[in-house]
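What follows is a set of notes on a single structure, which appears directly below.
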Amino acid sequence: MSDEEVARSAAPTATGGSPARGLHEPPERDMTDGGPDMVQFLAADGTRVPLTDVNSPYAAYLDELDEEAMRGMLRDLILVRRVDSEGFALQRQGELGLWPSLLGQEAAQVGPGRAMRPQDYAFPGYREHGVAWCKGVPPENLLGMFRGVNHGGWDSNENNFHLYTIVIGNQMLHAVGYAMGVQRDGDVATGDPERDTAVMAFTGDGGTSQGDYNEALVFAAVANAPVVFYVQNNHWAISEPNDRQFRVPPYRRADGFGFPGVRVDGNDVLASYAVSRAALERARGGEGPTLIEAFTYRMGAHTTSDDPTKYRISAEVDIWKKKDPIDRMRTYLLAEGIVDQAWLDGVEAEADELARRIRQACQTMPNPPHEEMFEHVYADAHPLVAREAAEFAAYQAGFED
C-alpha cells in the first residue's frame, strides 16, 4: 500500500465505515508531495537531488557553503530541537504557562535564519524558536516570556529580531512598515553588503487567512518594499487542514499581488537556506518582495493547550516522520564524510548541557515586581495608568507579610 492509502485506512471510522465525525479525512493525494514546483536539494532519504530547472537557479548559494557551514546547520537543527523539547517538558511540569512547539519545522527556520545578514530584521510569530536561535536570542529569554516573568526579555534592536507576536498575522504589517522605513533611510540597493538591508516576516499557513497578512502584501507590492514573506505551511492551522483554508497554495497567491512566489521543501535545510538567500538578495537589491512557502509539517501539537489527536490521525504523522529534517541532513553529511559519529556525540553532549542550562535558568527566574505591569504601557506618563498603579500598590500594601 502507498503511504496515503495507509493513512486513509488508518482513519477511525464511525458506524457504516464513514470517517469518524470531527476527524479530518486525509486528501486523496499524498499530502507530503510538494509538487513539481517545489525547490529541493536533499531527498527524504538524505541523498542529493540532481539539478533541475526548478532548483538550479538556487544551486550557486550551496556552492558557497563550506563543510564548516554545513556542520553548523546540522548543529543548529539538533540544538534547536533540544530547546524545543525542553520547553515542552517544562510546560508539562508546570514551569511554563504555554509552549508552542516547532517539532518538524527546524529546517524551515534554520535555513532562513542562517541566510539573513546581521542587519536583516526578522519579524516572528510565536513559534520561530529556530530563527531566534540563529539571530542570537538566548533561549532562556523565550522561556521567560512563556513563564510570564517578562514581556519578551530581549532587545529587538540588539539582535534585529522583533518580539514574538501572538496576534495572528499582525507581524506582517509590522515587517512591511519597517521595510518601508529601510527604504526611506536609503539602506537598499547601495551596493554595500554591510548596509543594504532586508526584512523577513514569518507566519504559518493559518496566518495567510488573516486580513493583516493580505493587507501587508498589498502595501509591500505597491511600495516595492525590501521584505520577504515566509509562510511555514505546516498543514494545520490549529485544527484546520489546508483544504479548509485555501484552494490555491500560498506561493501561487503571490502572483495576485504582483511579485514572485516560490515553494521550497521546508524539511530540507539546504533548500530553505538557498531560496531564502535568493529572496533576501533580491530585496536588498531594490527588486521588491518575495513570498516563500516552506512546505513542512507540524509534528506536535499547535501548543501545549492543544490535543491534535482530536482532529488528525497518527498515521499521517508517521508518514511525515519519514521526512524528518534532522535525519535527512545527518544522513547526508555522514555519507559525504563531513561529520562522523564522534562529532555527532559531541553535539549531543552540547545539547545535554544546553538543556541543563535553560532548565536551571527557567526554574530560578525571579518573579518581576508587581509595579512593572504598569511601566511602559505608554511612551509618556499617563494619568489613568498612574492612578491604577497607586491603587494597586495600596491594595498590595493591605496584606500582611
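The numbers here are math on the coordinates, done by the rules we state, and not lab data. The shown structure was predicted, so the numbers you read here are calculated from the model rather than taken from an experiment. Note that we place each Cβ from the backbone using ideal geometry, even for glycine, and neighbour counts take in every protein chain shown.
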Handout entry: Set Leu96, Leu79, Leu90, Leu143: member being part of a loop (DSSP other than H, G, I, E, B) and over 19 Å from Ala237 (Cα atoms)
Key = Leu96
Practice task
Inspect all residues belonging to region 361-371 and state whether any of them is assigned to a helix (DSSP H, G or I), within 26 Å of the chain's Cα centre (by Cα) and loosely packed, with under 14 Cβ neighbours inside 10 Å.
Solution key: yes
Exercise for the section: Please list, ordered by first then second residue, the pairs with beta carbon atoms under 6 Å, 6 or more apart or interchain, first in region 328-347 and crowded, with 18+ Cβ neighbours inside 10 Å, second not in a helix (DSSP H, G or I) and not hydrophobic (A, V, I, L, M, F, W, C). Expected result: Arg328/Gly46; Tyr332/Gly46
Exercise for the section: Could you list, in sequence order, all residues of region 127-149 that are acidic (Asp, Glu) and more than 16 Å from the chain's Cα centre (by Cα)? Expected result: Glu140
Practice task
Within region 274-292, work out how many residues are crowded, with 22+ Cβ neighbours inside 10 Å and either without any contact (Cβ under 8 Å) to a residue 60 or more places away in the chain or out of contact with any Phe, Trp or Tyr (no Cβ under 7 Å at 6 or more places or on another chain) (or both).
Solution key: 5
Practice task
Starting from region 348-366, take each residue that is on the phi < 0 side of the Ramachandran plot and list its partners that are surrounded by fewer than 17 Cβ atoms within 10 Å (Cβ to Cβ) and among the β-branched types (Val, Ile, Thr), counting only C-beta distances under 8 angstrom and pairs at least six apart or across chains.
Solution key: Met365/Val149; Pro366/Val149
Fill in the blank from the handout: Of those in region 171-199 that are in contact with a Gly (Cβ under 9 Å, 6 or more places away or on another chain) and not in a loop (DSSP other than H, G, I, E, B), the residue farthest from Gly125 (Cα to Cα) is Gln183
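Does Gly181 qualify as being free of Cβ contacts under 8 Å to residues at least 40 places away in the same chain and of a type outside the set (D, E, K, R)? Please lay out each step first, then the result.
Values: free of Cβ contacts under 8 Å to residues at least 40 places away in the same chain: yes; of a type outside the set (D, E, K, R): yes.
In short, yes.
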Completion exercise
Taking region 214-237 and the residues there that are in contact with a Gly (Cβ under 6 Å, 6 or more places away or on another chain) and surrounded by fewer than 24 Cβ atoms within 10 Å (Cβ to Cβ), the one that is farthest from Arg298 (Cα to Cα) would be Asn224
